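The values are calculated or read from the model by the stated rules, or taken from the named source; none is laboratory data. What you see is a predicted model; the values in this text were computed from it and never measured. Note that each Cβ is placed from the backbone with ideal geometry, even for glycine, and that neighbours are counted across all protein chains shown.
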Amino acid sequence: MQVLVTGGAGFIGSNFIRFMLGKHPNYTIVNMDALTYAGNLENLKEVQHSPQYHFVKGDIGDRELVERTIRTHRIDAIVNFAAESHVDRSIADPGVFVRTNVLGTQVLLEAARTLQIRKYVQISTDEVYGTLGDTGCFTEATPLAPNSPYSASKASADMMVRAYFETYGMNVNITRCSNNYGPYHFPEKLIPLMITNALEDRALPVYGDGLHVRDWLHVQDHAAAVDLVLHNGKAGAVYNIGGHNERRNIDIVKLILKLLMKPDTLIQFVPDRLGHDRRYAIDASTIEAELGWKPVYTFEQGIQETVRWYVDHESWWRRVKSGAYQTYYRRQYGHT
Ligand code: NAD
């Protein structure tokens, strides 16, 4: 199989590419990535010389380039990870989220349709469902009710994927996963931000009261789920993916401090994010029953390994946190 993976230089995409090349050594993986601030080819160092791996620098919104790449590499399937992915950035500047997440997805779908690609998988998020009260879970039938420009752009893309299935009968799937964690996670997101700030003995900025709840899944478990959907997903189906692992933000932060043997006094509560969703929880029973997926990592094992990875890869995150990251950080949190 020849698979076009878009956004493969980011956190989840790079983990997915490593997973795929390990699991399917005779597949060809073509990674198309625009290398925005979040794209980092260092994430793929181990595979960059593999004859089964090719990199194309480019924007998923560039139809001509997308079509040329599909033709050149005789692509059979597309897995679209490419996105602007950070909620805080979408609050500051929503426009680029619409361009990449909505228009970019439509360009990929149109190229897949005209060039008769066998399978298209859209990597979406549980955030499209909005927020939950203290109980209950999102199922695939939960109505979409996105609350941030990021989740609204992802929900819009999902609607376009659905339309390509209903209108053209394309073989598409949508996956909606909960929060991922693991190696190569960009340190603007909760877990790597807290680990790296703690390692630097800097304040750990926690939004609001810290009682927001997220479901956390190891990125390798997500990669395994996407692989199953790519091969066995029923045409047109949506699959929720989650870890049965709900945690309050403050508890995660305290656990990280404990693992690093740093004091809780590093925690600094900061004004809450605008429109901050209170709780997400995922019912992943469809993918478990239909495709036989279940997570392998326990959170306790996964978070320990992740903390260890950041301790062992200081030069990786120090490079990521230099330069433009500093400007972003000051705008978001001041000088904490
Ligand atoms: P990321 O920000 O780490 O990576 C995104 C990648 O997309 C980067 O390499 C970036 O350079 C690339 N990109 C951005 N705009 C592009 C464009 N116009 N053309 C080509 N490439 C472009 O994001 P991530 O955390 O790895 O998330 C990947 C996907 O998974 C996203 O679609 C996101 O919505 C979804 N998702 C993420 C999570 C999570 O917890 N991180 C959870 C569920 C779903």
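Things to note:
- Those residues of segment 152-170 which are more than 21 Å from the chain's Cα centre (by Cα), crowded, with 18+ Cβ neighbours inside 10 Å and assigned to a helix (DSSP H, G or I), in sequence order: Y164, F165
- Residues being in contact with a helix residue (DSSP H, G or I) (Cβ under 7 Å, 6 or more places away or on another chain) and assigned to a helix (DSSP H, G or I) - total across segment 278-305: 4
- Of the numbered criteria (1) touching a residue at least 60 places away in the same chain (Cβ under 8 Å); (2) of a type outside the set (D, E, K, R); (3) in contact with a His (Cβ under 6 Å, 6 or more places away or on another chain); (4) under 22 Å from S85 (Cβ atoms), the one V30 fails is (1).
- Selection within segment 119-147: residues that are hydroxyl-bearing (S, T, Y) and in contact with a helix residue (DSSP H, G or I) (Cβ under 7 Å, 6 or more places away or on another chain). The member of this set that is farthest from E288 (Cα to Cα) is Y120.
- The single residue among N31, N43 that is within 10 Å of the ligand (Cβ to nearest atom), surrounded by 15 or more Cβ atoms within 10 Å (Cβ to Cβ) and assigned to a strand (DSSP E or B) turns out to be N31.
- Neighbours by Cβ (under 6 Å, 6+ apart or cross-chain): first from segment 68-82, at pLDDT 95 or above and of a type in the set (D, E, K, R); second surrounded by fewer than 22 Cβ atoms within 10 Å (Cβ to Cβ) and part of a loop (DSSP other than H, G, I, E, B): D76/M1; D76/R118
- Residue list for segment 164-186, filter: in contact with a Gly (Cβ under 8 Å, 6 or more places away or on another chain) and within 16 Å of the ligand (Cβ to nearest atom): V172, N173, C177, S178, Y181, G182, F186
- Here Q220, Q268 are screened, and the one residue that is over 28 Å from Q106 (Cα atoms) and either under 19 Å from the mean Cα position of the chain (by Cα) or assigned to a strand (DSSP E or B) (or both) is Q268.
- Here S90 fulfils each of the conditions (1) more than 9 Å from the ligand (Cβ to nearest atom); (2) among the hydroxyl-bearing types (S, T, Y); (3) touching a residue at least 12 places away in the same chain (Cβ under 8 Å); (4) out of contact with any Asp or Glu (no Cβ under 7 Å at 6 or more places or on another chain) apart from (4).
- Any hit, segment 290-300, residues being farther than 25 Å from A225 by Cα, out of contact with any Ser or Thr (no Cβ under 6 Å at 6 or more places or on another chain) and among the hydrophobic types (A, V, I, L, M, F, W, C): no
- Taken over segment 35-56, the criterion of being in contact with a helix residue (DSSP H, G or I) (Cβ under 8 Å, 6 or more places away or on another chain) and small (G, A, S) is satisfied by A38, S50.
- Any hit, segment 257-267, residues being more than 28 Å from Y120 (Cβ to Cβ), modelled with pLDDT under 95 and touching a helix residue (DSSP H, G or I) at 6+ places or on another chain (Cβ under 7 Å): no
- Search result, residues across segment 95-151 that are within 11 Å of the ligand (Cβ to nearest atom), of a type in the set (S, T, N, Q) and either surrounded by fewer than 18 Cβ atoms within 10 Å (Cβ to Cβ) or more than 15 Å from S178 (Cα to Cα) (or both): T100, N101, T105
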